[in-house]
Structure formats: C-alpha cells, structure tokens
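All remarks here apply to the structure that follows.
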Amino acid sequence: MSQMTDTIQALCQLPGPSGWEDAVRDYLCAEAKPYADELTVDPLGSVLVFKRGRKSPRKPVMLTAHMDEAGVIIKQIEEDGFLRFAFLGSIDRRVVIGKRVWIGKNRVPGVIGMKPIHLTSPSERQSIPQTKELYIDIGAQTGDEARKLVACGEYAVFDGQIIPLQNDMIRMKAIEGRAGCGILLTLLKEELPIDTWFVFTVQQEVGCRGAFGAAFKLHPGIGIVVEGAAAADSPAGARKGCAPGRGPVIPYQDGSTIYDRGLFEQITGLAEANGIPWQVNPLLSGRTDASAIQRSREGCRVAAISAAVRYIRSPSCVGCTRDFEQMAALLRLLLADLEVKYV
C-alpha cells in the first residue's frame, strides 16, 4: 500500500467523535507543522494550515476535510452498571447491536447490547430498536463500580479494526472523514502550484459547525470538500448510486448543496482529459461541509471530490484505496489548473 493509504489507516484508528477530535488534531498538527507556512487552531478546534505555492490566487482557495466521526456520548450510569447513551451524528441503529466500543481517554472497553431476542415479542422483532432500548455493557456489576471507570459526558467510539478486502477494498471506521484528511495531508507535503489553505474541520457529523467558522475566517473564493459519499451498490441498493472502486464521486448536488456548475465542469473535464474514472451520486442524499462554506459571508463557489463508502457512519465502513489515490491525483490537476485560471 502507498504512504497515503498508510496515513489514512493511522487516522482511522484514532478516536475522534464530534466534539472530542483531540487525538486526530494532534496527529494532523504534528504531521503538517514541518510543511506549513502558517498553522492555527481556531476556537472550535478546526486546524487551518496555509502553504505557499508558486502563485497567489485572487481569493483564498480552501481544501476541506473533516476530522470527526460518528460516535456516542454517555448520558446515564444505571445502578446495575449498564451505561445509557446518545448518538453523536447520524448512526443507523440497526448496525450497532453487539458492536465493541472504547470509552473515553482511558479506552474502557464495552459492548452495545439490548434485550436478547428470546425475550422479545414478535412485534419487537419486526422493529428497529430505539436508542433508549440500547445500553453499553462494560462488565460492571454496580453503578458505583461503573462510575469508577466512566463518567457521564464521556464519549465512545467504535472499535474499527482494519481489514484488507479483495479488489483494493478496505474495512475501517471513520473512512468518510479521515480519507479526506489523509489525502489533504499528503498534498500539503508536496510542492504546490498556488497558495492553498488546508482545513481540517470539527463537528461535521453534527451539523457542519467547524466549516462555518473556518470559512468565515478565511473568506475563500473557492472551497473544495474532500470526504466520503454514501455508496448504494449493495444488493439492496441495486447499483442505483455510487460505488467504491469506480473512481472519485463528483457531485452536482446533494441534500444541502447545489455545487458550482463551473467547478463541476472543470473537475470532470480534468478527469476525462487525464483518464481518471469518475462518477456522480444520483441519489442526491446527505450533506457535506460545502453547505456551510457555500453560505459563508457573501457566498463561496464550492465543489466536492468524494470517495464512495459502503456502510457509512458504521463500525465497518468499506472503501477502495484506488479511489483515494485517484482523488489525490484529481486534486493535483485541479490546483495546477487553478494556477492558470484563478491567479
């Protein structure tokens, strides 16, 4: 595997749910600092890195990926030692039962559980369990024992073991954000054709909050979001949407943004001219940090270059390392094209 894939794997293994991105931020700052002309952490916790290129654009160019991942937050410790929780971000409750989690900085291990099937009614078996029906089992026998290990307000993340699959596919948690972080970190270490801001945002999973503050501060003319897109190529999806392994996803619209038509045509044209496969996502679902960047101040031209990810926001995301490499190649081409057309 490439050095960039190794970086993405290292990032995916770090804990970083929305609001607790510290471990990811520390890693990115340490890796970026030797290559940065300016590095700041804004009040929300997003990392803003500026690197000079050969030329300066008319207005700032901002490449964005989000650091955070979907997780849970502990909200109650019951007297029998079980933990009640709420989700951080949009998580499909169907996929979390029986999954392992790590709680807090001390990485207390736990398992998400619910009432066993042989104690459920026929109607209960036909419905998706509500969050209030789920709990985390850390093996504690009493509430006092649990409180010695865990406190209310602490976060938990899924145990995202990395498993290589066939055809350059790989299983990891948090690919939808960390793949973008790894791609941007790789580009940041290279010589650039134009001055570029690399922005690693916080709290995207709970409302694109970090991107709003970063875009307001930088006032970019162009914002490019690099992240994951929900794939729909499972048997249930009937191949109606995007799929890992078919190249970068270049959306023209999603659930919260109509992307700049000129940038869309510029990026797809570069892909076509350079033999990079690409795809759209006809489902028009989800949202990205572009929704916040686009609306900042008087408005900003935005585009996205995404990786199709199966089972997004789950403990077992599946993406394709070929897509990550092609996304990086396409971003290099775009920055070089902007040197000609945007300086």
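The values are calculated or read from the model by the stated rules, or taken from the named source; none is laboratory data. Since the model is a prediction, treat every value here as computed from it, not as a measurement. Cβ placement follows ideal geometry from the backbone for every residue including glycine, while neighbour counts extend to all protein chains displayed.
Can you find a residue that is at pLDDT 95 or above, in a loop (DSSP other than H, G, I, E, B) and of a type in the set (D, E, K, R) anywhere in the range 15-30? Within the range 15-30, one or more residues are at pLDDT 95 or above, in a loop (DSSP other than H, G, I, E, B) and of a type in the set (D, E, K, R).
The set of residues in the range 204-242 being in contact (Cβ under 8 Å) with a residue 24 or more places away in the chain, assigned to a loop (DSSP other than H, G, I, E, B) and surrounded by fewer than 21 Cβ atoms within 10 Å (Cβ to Cβ) consists of V206, H219, G221, A232, D233, S234, K240.
For the range 161-171, the set of residues classified as outside any loop (DSSP other than H, G, I, E, B) and surrounded by fewer than 21 Cβ atoms within 10 Å (Cβ to Cβ) consists of I163, P164, M169, R171, listed by residue number. Of all residues in the range 146-167, those satisfying the criterion of being of a type outside the set (V, I, T), under 30 Å from C320 (Cβ atoms) and out of contact with any Gly (no Cβ under 9 Å at 6 or more places or on another chain) are D159, G160, Q161, P164, L165, Q166. I'm checking my understanding of the structure. Among residues of the range 144-160 that are assigned to a helix (DSSP H, G or I) and among the acidic types (D, E), which one is farthest from E79 (Cα to Cα)? Residue satisfying both the conditions and the ranking: E145. Could you go through the range 42-49 and let me know if any residue there is charged (D, E, K, R) and part of a helix (DSSP H, G or I). Checking the range 42-49: not a single residue is charged (D, E, K, R) and part of a helix (DSSP H, G or I).
Highlighted here are the helices (runs of 4 or more DSSP H) found entirely within the range 254-342 that include at least 3 residues which are closer than 30 Å to G98 by Cβ: 321-341.
You will find that of V309, V302, V280, the residue that is over 25 Å from V340 (Cα atoms), assigned by TED's automatic domain parsing to the domain that holds D337 and surrounded by 18 or more Cβ atoms within 10 Å (Cβ to Cβ) is V309 and no other.
Read through the list (1) out of contact with any helix residue (DSSP H, G or I) (no Cβ under 8 Å at 6 or more places or on another chain); (2) within 20 Å of A229 (Cβ to Cβ); (3) among the hydroxyl-bearing types (S, T, Y), then give the number of the only condition that Y155 fails. Result: Y155 passes all but (2).
When restricted to residues that are touching a residue at least 12 places away in the same chain (Cβ under 8 Å), under 29 Å from K217 (Cβ atoms) and hydrophobic (A, V, I, L, M, F, W, C), the range 243-296 contains 9.
Looking at (1) out of contact with any Gly (no Cβ under 9 Å at 6 or more places or on another chain); (2) assigned by TED's automatic domain parsing to the domain that holds S314, can you tell me which one L63 breaks? The failed condition is (1). Pairing each residue of the range 120-137 that is part of a helix (DSSP H, G or I) with any residue that is aromatic (F, W, Y), provided the two are 6+ apart or on different chains, yields C-beta distances under 9 Å for T131/F85; T131/F87.
Entry remark, the range 172-191: residues being part of a helix (DSSP H, G or I), in contact with a helix residue (DSSP H, G or I) (Cβ under 7 Å, 6 or more places away or on another chain) and either of a type outside the set (V, I, T) or crowded, with 24+ Cβ neighbours inside 10 Å (or both) number 9 in total. Taking Q141 as the residue in question, decide whether it is in a loop (DSSP other than H, G, I, E, B), of a type in the set (S, T, N, Q), surrounded by fewer than 15 Cβ atoms within 10 Å (Cβ to Cβ) and at pLDDT 85 or above. Yes, satisfied. Restricting V101, V95 to those that are closer than 30 Å to G247 by Cβ, in contact (Cβ under 8 Å) with a residue 40 or more places away in the chain and either out of contact with any Ser or Thr (no Cβ under 8 Å at 6 or more places or on another chain) or not assigned by TED's automatic domain parsing to the domain that holds P17 (or both) reduces the list to V95.
Of the candidates I112, I73, the single residue that is over 30 Å from V340 (Cα atoms), surrounded by 20 or more Cβ atoms within 10 Å (Cβ to Cβ) and in contact (Cβ under 8 Å) with a residue 24 or more places away in the chain is I112. Filter the range 76-102 for residues that are within 20 Å of the chain's Cα centre (by Cα), in a strand (DSSP E or B) and among the aliphatic types (A, V, I, L, M); which is surrounded by the fewest Cβ atoms within 10 Å (Cβ to Cβ)? It comes out as A86.
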